[in-house]
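The block underneath contains the structure these notes are about, expressed in structure tokens.
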Amino acid sequence: MFLLTVAQRRLQRWMAAQRQNSAVTATQAGLLFILGQRDGVLMGEAGAALDLGPPGISGLVDRMTAANLIRRRADPDDGRAWRLWLTSAGRE
């Protein structure tokens, strides 16, 4: 457990250093990777994959939509559900 904790801290420091060169956070990158594999995923499925609850995924999607990295569209089969799509900026 100790070595896993040390490794996690080192990885977080490395990721923070990398983030200085990028406007995308680690969680945002995770959603971009998910959508790169399966564009049009349900918002709830993306949240589950990232271990985020409804408020967490909703805030993340709001920020990424404002940054023009993703687009949110209503699911045609279920008016209560949303699907997430990459924009061209998100693909880059």
Where a residue in segment 49-69 is of a type in the set (S, T, N, Q) and its partner, wherever it lies, is surrounded by 14 or more Cβ atoms within 10 Å (Cβ to Cβ), with Cβ under 7 Å and at least six apart
T65/R71; T65/R72; N68/T87
Test: residue in segment 65-79 that is outside any helix (DSSP H, G or I), surrounded by fewer than 13 Cβ atoms within 10 Å (Cβ to Cβ) and of a type in the set (K, R):
yes
Inside segment 70-87, can you point out the residues that are modelled with pLDDT of 95 or more and out of contact with any Lys or Arg (no Cβ under 8 Å at 6 or more places or on another chain)?
I70, R71
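The values are calculated or read from the model by the stated rules, or taken from the named source; none is laboratory data. Predicted, not measured: the structure shown is a model, and the values here were computed from it. For neighbour counting, all protein chains shown are included, and Cβ atoms are generated from backbone atoms with ideal geometry for every residue, glycine included.
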